[in-house]
Structures are given as structure tokens and as C-alpha cells.
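Colleague: Input: one structure, supplied below.
Quick note: the coordinates plus some simple rules give every number you see, no bench work behind them. Not measured: the values here are computed from a predicted model.
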Amino acid sequence: MNPEPRAPWGIYRTGFLSIILLVAGLLIYMWGHVQTLSQGREIDRLLAEQKNLLNQQERLLARTASLKQSNRIRDIAARKLGMVFPTDPPKNLYLSR
């Protein structure tokens, strides 16, 4: 009346669960690594974009400064608009406090 020998399912179940946990842990680790690499590439792209935008800002500021020169404005007013720079002092000068 000996029962038939059975396979030790407890050992197989423990091994199977260990493998599942190991694979899940590796997948989580790989996902985090891929996310980190993706963020690194995004940071590199944004730094390059920032550099380009700063260069563009410098060019625009230089262009703005050249367009604001009083000699240039006076020249355009005289040539294109026919304006004359006043030589007499203003006749009606109002100062407010």
C-alpha cells in the first residue's frame, strides 16, 4: 500500500516562478535602459537645437542693431520719404510735470 511516487511539483513550481521573476526583472531593467538611452538622445537633440537658436538670436540682435542706427534711419527718411531734419528749435514746447 505504498502510494505511487509522484513528481515533486513543488520544486518545479519554485523553479518556474524563479525563472518568471528573473525574466520579468530583466525586462524591467532593459526597459529602463532603453528609456535612459532615448532620453539621452533627446537631450542631445535639444542641446543642438538650443545652440542653433542662440546663434540665430545673435544674428537677429546684430541685424536689429544695424537697422536701428540713426544715420540709416535719417538717410531713409531723407531719400525715400523726402523728410528734412529740423534745424530750428521747436516753436511749441510743452513740459509737463
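Colleague: Most fluctuating residue of Leu53, Leu26, Leu81 in a GNM of the chain with Cα springs under 10 Å: which is it?
Modeller: Of Leu53, Leu26, Leu81, the most mobile in the Gaussian network model is Leu81.
Colleague: Please work out, to two decimal places, the log10 of the ratio I(q)/I(0) at q = 0.24 Å⁻¹ from a Debye calculation in which every Cα of region 10-79 carries one identical scatterer.
Modeller: Log10 of I(q)/I(0), two decimals: -0.98.
Colleague: Which lysines have a Cα lying under 18 Å from the Cα of Lys68, excluding residues fewer than 8 positions away in the same chain?
Modeller: Once the sequence-local lysines are set aside, what remains near Lys68 is Lys80.
Colleague: Now a separate question. Build a GNM of the chain with springs between Cα atoms under 10 Å: which of Lys68, Lys51, Lys80 gets the top mean-square fluctuation?
Modeller: Evaluated over the chain, the most mobile residue of the options is Lys80.
Colleague: On to the next question. Enumerate the calculated ³J(HN,Hα) couplings along region 60-69 in order (Karplus 6.51 cos²θ - 1.76 cosθ + 1.60, θ = phi - 60°), each rounded to whole Hz, writing x wherever the residue is Gly or Pro.
Modeller: 5, 5, 5, 5, 4, 4, 5, 6, 8, 4
Colleague: Right, another one. For region 40-90, compute Rh as the Kirkwood radius over C-alpha pairs and then the Stokes-Einstein diffusion coefficient at 25 °C and 0.890 mPa s; write the answer in µm²/s, rounded to an integer.
Modeller: 172 µm²/s
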